[in-house]
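Quick notes on the structure that follows.
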Amino acid sequence: MRVQIATHNRTTHAPGATRALAIVAMATGSALCAGGIPVNAEAQVLDQSASYTYHYFADSDNIHVHSHYTDYLLELENGADVQVEWNREIVIVPGVAAVPGSDEAADAITSASRPIADVNDAFEDYTKLRDQIRADLDYRFASAGYYVSNETDYFAQQVSGGLNYGLWGDNTNLAVGSSYGWDDIKPLADQDTENFADSKSNTYWNAVVTQVLTRSTVLRIGGEMNIARGILHNPYRNVYAGGGPAAELHPDRRERRDVFFKLNQYFSNRSSLNLSYKYYTDDWGIDSHTLGGRLNQYLTDDVLIRYRYRFYDQTAAFFFLDEYPTEEGIDGYRTGDYRMGEFASHLFGTTLDWSLGNALFQWGRVRRPKLVFKYERYFNSNNFSANIFESGVAVNF
C-alpha cells in the first residue's frame with residue numbers, strides 16, 4: 001500500500017539548500033535584467049505567492065520517502081513570471097538479512113538491491129538524501145529554465161528553453177521547446193555489484209499545436225523526441241543470469257519518440273471532459289499506448305470533484321528476459337527492471353477539491369485555503385497493485 005499526505009503552508013528553507021537557492025536567485029535576477037525586465041521597483045510586482053508541501057510515502061517493505069517542497073511564484077506587470085521550487089527528499093530503506101542476489105535482497109517494486117547484512121550482524125537503515133532546485137522564467141513568448149539535483153551518488157543539471165506564438169487571434173498556438181541535461185554518477189560501494197563512476201546526458205525536443213475548435217472545445221496535438229546517452233541502467237540492480245546473480249547492463253544509447261493528442265470539452269452544467277492518447281516507441285523495441293480520460297464536475301462554487309482513468313500497454317525491450325540462460329544475456333545486455341518487459345496497467349482515481357471561503361477563514365495574508373482529498377487504485381499484469389491516498393491543505397499568501 002502507498003500512503004501520501006500533502007500539506008501546504010508558508011515558505012521555509014532548509015539550511016542545506018541556502019547556497020543553492022542563492023545561486024538560483026542570482027541566475028534568475030541576471031536573466032531578468034538581461035531581458036530588460038526591471039525587478040527593483042515594487043510597482044512592477046503584480047502578484048506573488050509561496051507554499052510549502054509535505055509528501056510521505058510508505059510501502060509493505062517498510063521503505064519510507066519524505067518529501068518537502070517549497071515554491072515561490074513572482075508575477076510582474078509586464079507579463080514576466082518567475083518561479084523557484086526547492087525539494088528535499090529523504091529515502092529510508094531498511095537493511096535485510098539475505099543472500100546477495102536473492103529475491104529477499106531486492107526491492108519488490110524496483111528490483112534494486114537493498115542493504116545487506118548477515119543474520120547475526122547489526123545494521124542500520126540506509127538513508128538517502130536528495131536536494132533539487134528548479135528556476136523557470138516566462139516572458140512574453142519565450143521561456144527558460146534551470147534544474148539542479150544533488151544526492152550522495154548522483155548530481156544532475158538541466159537547462160531548457162522554449163518559444164510559443166499565437167496566430168489568428170490566439171485561436172491557434174504554436175510551441176517548440178528543448179532541453180539538455182547532464183548527470184554525474186558515482187555509485188556507492190555495494191557488496192554484490194562492482195560499479196565505477198560514469199555519466200549520462202539527455203537531449204530533448206518537442207513541438208505542440210493547440211487549436212481552439214469552438215468556444216467550448218480545445219484540441220492539442222504534439223510530438224516529442226528524446227536521446228539519452230551514457231549509463232542507462234541501475235548500477236545497484238542485479239539480474240539472474242547463467243545460474244547466479246549478475247549486474248544489470250543496458251545499451252548506452254536510447255532514442256525515444258512519441259506523438260499525442262489531448263481534447264478538452266467544456267459543458268454548460270459546469271463540467272468538463274479531458275481525453276488523451278499517446279503512442280510511444282524507442283530503439284530498444286518498446287512500443288506503448290496510453291489512453292486516458294478525466295471528468296471534472298463542480299458540485300458548488302467551492303467544491304470540485306474529478307474522476308480519472310488511464311490504460312497503459314507496452315511491448316518488451318529486445319533484451320528482456322525473466323531469467324537469462326547465460327551470463328551474456330541478450331547481445332550482452334541484461335535487465336532486472338520489470339518496466340522493460342511486456343505489461344499492461346490500469347489506474348482509477350477520484351479527487352475532491354474543497355475551497356474554503358474567506359468568510360470562514362481569514363488570517364493575515366492567507367487567502368482562500370483549499371482542502372484536497374485524493375484516492376487512486378493502480379494494478380498491472382505483473383500482479384502488482386497499489387492503493388494511493390493523498391490529502392492536503394493548500395494555502396495562498
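Every number here is computed from the coordinates shown, using simple stated rules; none is lab data. Values in this document were obtained by computation on a predicted structure and should not be read as measured data. Cβ: placed from backbone, ideal geometry, glycine included. Neighbour counts: every protein chain shown.
Brief remarks on what is shown
- For the stretch 205-255, the set of trypsin sites (Lys or Arg not before Pro) satisfying both a DSSP loop assignment and a count of at most 10 other C-beta atoms within 10 Å is given as Arg215.
- Dipole axis of the stretch 201-281 (+1 Lys, Arg; -1 Asp, Glu on Cβ), positive-most option in Gly222, Asn234, Tyr280: Gly222
- Residues listed by number, the stretch 254-269, amide nitrogen under 11 Å from Thr214 label point at 7 Å toward C-beta: 265-268
- Chymotrypsin sites (Phe, Trp or Tyr not before Pro) within the stretch 248-347, DSSP loop, no more than 15 other Cβ atoms inside 10 Å: Phe267, Phe318
- By the compact-protein rule of thumb, 2.2 N^0.38 Å, the alpha-carbon radius of gyration of the stretch 247-373 corresponds to a ratio of 1.61.
- Of the GluC sites (Glu not before Pro) found in the stretch 262-333, those in coil by DSSP whose Cβ has at most 12 other Cβ atoms within 10 Å are Glu323.
- Nearest-20 debye value, the stretch 153-397 charge dipole, Cβ charges on Lys, Arg, Asp, Glu: 1820
- Largest first, the three principal axis extents of the alpha carbons in the stretch 153-397 are 66, 43, 37 Å in whole numbers.
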